[in-house]
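S.K.: This is the structure, below, for whatever I ask next.
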Amino acid sequence: MVTTTSVTADAVAEVRENLRDQAPLVHCLTNLVVANFTANALLAAGASPAMTDTPEDARVLAAGAGAVLVNLGTVTHASAEGMRASVTSAARAGRPWVLDPVAAGPLPWRTALAGDLLALAPPAVVRGNASEVLALTGGTGGRGVESTADPEQAWPAARSLAGTYALTVAVSGPVDLLTDGERTVRVANGHPLMTRVTGVGCVLGALTAGCLAVTEDALLAATAATVLLTLAGEAAAARAPLPGAFATALLDELDATDADRIRTGARLG
Amino acid sequence: MVTTTSVTADAVAEVRENLRDQAPLVHCLTNLVVANFTANALLAAGASPAMTDTPEDARVLAAGAGAVLVNLGTVTHASAEGMRASVTSAARAGRPWVLDPVAAGPLPWRTALAGDLLALAPPAVVRGNASEVLALTGGTGGRGVESTADPEQAWPAARSLAGTYALTVAVSGPVDLLTDGERTVRVANGHPLMTRVTGVGCVLGALTAGCLAVTEDALLAATAATVLLTLAGEAAAARAPLPGAFATALLDELDATDADRIRTGARLG
Amino acid sequence: MVTTTSVTADAVAEVRENLRDQAPLVHCLTNLVVANFTANALLAAGASPAMTDTPEDARVLAAGAGAVLVNLGTVTHASAEGMRASVTSAARAGRPWVLDPVAAGPLPWRTALAGDLLALAPPAVVRGNASEVLALTGGTGGRGVESTADPEQAWPAARSLAGTYALTVAVSGPVDLLTDGERTVRVANGHPLMTRVTGVGCVLGALTAGCLAVTEDALLAATAATVLLTLAGEAAAARAPLPGAFATALLDELDATDADRIRTGARLG
């Protein structure tokens, strides 16, 4: 495990600035509900999104991207082939990838697919809600795309998953819980409006991929993405109390959230 | 036919509050143009969207959802299989579903698919514009996704369709016309800007599914969805005169439209 | 080659007004990331979008539309079949079509598809960034969806492509370069924020199709779309300095950009 930096607000702030300076290409194989919002969130944060799940193209993009996101939100038989191609290609090229196992648990077919992808080549980060993380270690639960459990309940599952595959697990919730099996970070930023807009969790997976492209420390990358998004959410909620305007403001604040805001606002534990 | 409530502004207001209180899971098999807007509209209104049209997953979601939406806007051969799976699964589990036969009429392939789905298991509500409703009873007309007829012209077709399949038909237009074959409701709310944003009609189908999850009276559910959306449209237009800002404001106002606004603003006839 | 009008600000202003007055149906086979934004942009500008890439439906829509857009952004094996069907159908019905070869160059599979479509029936306009236009004449380059070249570098390729297929090539960049092989136009409007929102280039392709439906002069149509979009971008940037609000404002300003704004603001060279 590469642990180049301790996970402090200063380290997070540096990742955020590197994301903007390096503008890495992030190849997203994601669901059609959030594709536009995800691309705009990456652009607002300073990264460069590319999206396709056709195997011929996905394989090429994955090899050239800074990192890859695989999100199972609306996975089909066709797009699953693209995911396998991208994961294989990313692994061969030494590119990190992020697995977001949306609605794993209640849906057996995609839960099995998540397991297949994990076995194909371990991702650098698994990002999900508590029910999804529990599902990857054999638990059940969840309702549609929502969690029926709290991040702290998923702590043993997260540690086990991190240990088995040598990866980082990021469990989102009111307080986000992140662990690489050795170190654990909690992020206490965020706002309830983030659950009133579709795809905010999916955006977190994409930003995590973006941060992985600029640091080798996966726990730091996942933490940086979480801090960036949740601080943007707080700033957006402060000026947009209803969900339509909040979604627009969230994109604005992904741009506006800089190293200074992170150093003063990050609530890491 | 279950007729538990008369269709009054008070009854509509109660459905709206139940939607927010119960936050039903609405499984949407919808078109990729409007998937994000639809999910955000359901969330803004207080419901919980889930979207996939892969048969293995769709079948599970449909059985567990409060209601199911099938919208033919960008239906493919692959997604049609998911629609058949969901409709069958919903029928078996006793869950209501809504058919939105987008662009039925000018497009023979999907018009035939709409007929197949109707025959597979009748939906609780068919929601469309006048051309689409006419097409389901053998009429032609329509241009792309637009109607070339007025809701009142579709009145005989709507009554016939309602009688044949024992369902509610909701025909949208400047004045919306809704009937379950016995009772008829007209909703005179709304604003022309609602036709300047893609997917507002599709959102109406999704909200109808949401309301069906909280009342057994399909005509009341369809009316409640129509009133909620058209009142939100009026409030949004009052503060956002151009279509970009209007779309954002519409989401805000789906949240802000509550029982009080409905009781004072609903124009039911 | 039909050259009915010289490409002046007055001629552009007339196309813009005709677009609003005639509200042509524009059939878009486009990528799922930008489908919603594209449909809303067409509606805001005054056109009427229709979107599907299922061959049975696409074939019918293409024959009845004012013009067709084919954008390769997330093309799949299935949607490529719809593209072939639409291009064939449009050509048979005498409808113009626009090719937007997104990420042609680095991605061999779709670069070959772009060549196949060009050979099937030449589009009226090819719209892309410099790397994409270079790729269509055998060049390489580009990173993901971004150009690694400047429009002026693509000038020989654009001229060659225009001559080979008797079409107009529109190369976007800080200064857009457009040529039909005989005439050349440069458009110096626009704003850097247009590169911070996903799909602005894709919208340009859709607006070009819209303008092609109301004028037979393809160079004029491509210029009118470029001027309309870039002036809207300038107006949006003047009131929305961050990318979330900018995207919303851009839709507003596509509506607000009228003949007067074009006559005073267009920077044609």
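Please treat every number below as a calculation from the coordinates, not as lab data. No experiment lies behind these values; they were computed from the predicted model shown. A quick note on method: Cβ atoms are made from the backbone with ideal geometry, for glycine too, and the neighbour counts reach across all protein chains shown.
S.K.: Provide the FRET efficiency to the nearest 0.05 for the A:E17-A:E216 pair, computing r from the beta carbons and using R0 = 25 Å.
M.R.: 0.95
S.K.: Quick check: from the Cα gyration tensor, does chain B come out rounded (a/c under 1.5), prolate or oblate?
M.R.: It comes out rounded by the Cα gyration axes.
S.K.: Once you have the Cα-Cα distance between C:R267 and C:A121, take 0.36 nm times their residue separation minus that, and quote the gain in nm to one decimal.
M.R.: 49.3 nm
S.K.: Then there is this: Can you give the FRET efficiency to the nearest 0.05 for B:E81 and C:R239, using r as the Cβ-Cβ distance and R₀ = 41 Å?
M.R.: It comes out at approximately 0.30.
S.K.: Go through C:43-49, B:88-94 and give me the packing order, highest mean Cβ count within 10 Å leading.
M.R.: The most tightly packed comes first, giving C:43-49, B:88-94.
S.K.: While we're on this one: Taking the Cβ-Cβ separation of C:T8 and B:A259 as r and a Förster radius of 60 Å, what is the calculated FRET efficiency to the nearest 0.05?
M.R.: Given R0 = 60 Å and the Cβ-Cβ separation, E is 0.60.
S.K.: Oh, and also: Put a point 7 Å out from Cα along the line to Cβ at A:T148; what are the distances to that point in the other copies, in nm, shortest first?
M.R.: Ordered by increasing distance: 5.0, 5.0 nm.
S.K.: Further question on the same structure: Where the centroid of each part is defined by its Cα atoms, how far is region A:13-39 from region C:1-71 in Å?
M.R.: 30 Å
S.K.: Three principal axis extents, largest first, for the C-alpha atoms of the protein assembly as shown, in Å?
M.R.: Taking the Cα atoms of the protein assembly as shown, the three principal extents are 71, 71, 42 Å.
S.K.: Please compute the average number of Cβ atoms from other chains found within 10 Å of each residue's Cβ in peptide B:246-255.
M.R.: Partner-chain Cβ atoms within 10 Å, mean over residues of B:246-255: 6.
S.K.: Less than 11 Å Cβ to Cβ from B:L219, Lys/Arg counted +1 and Asp/Glu -1: what total charge do the surrounding residues give?
M.R.: Residues close to B:L219 contribute a combined charge of -3.
S.K.: Could I ask something else about it? Determine the distance separating the Cα centre of region A:198-212 from the Cα centre of region B:75-154; give it in Å without decimals.
M.R.: Between the Cα centres of region A:198-212 and region B:75-154 lies a distance of 36 Å.
S.K.: Quick one: net charge around A:A104, please, counting Lys, Arg +1 and Asp, Glu -1 for every other residue with C-beta under 14 Å from its C-beta.
M.R.: -3
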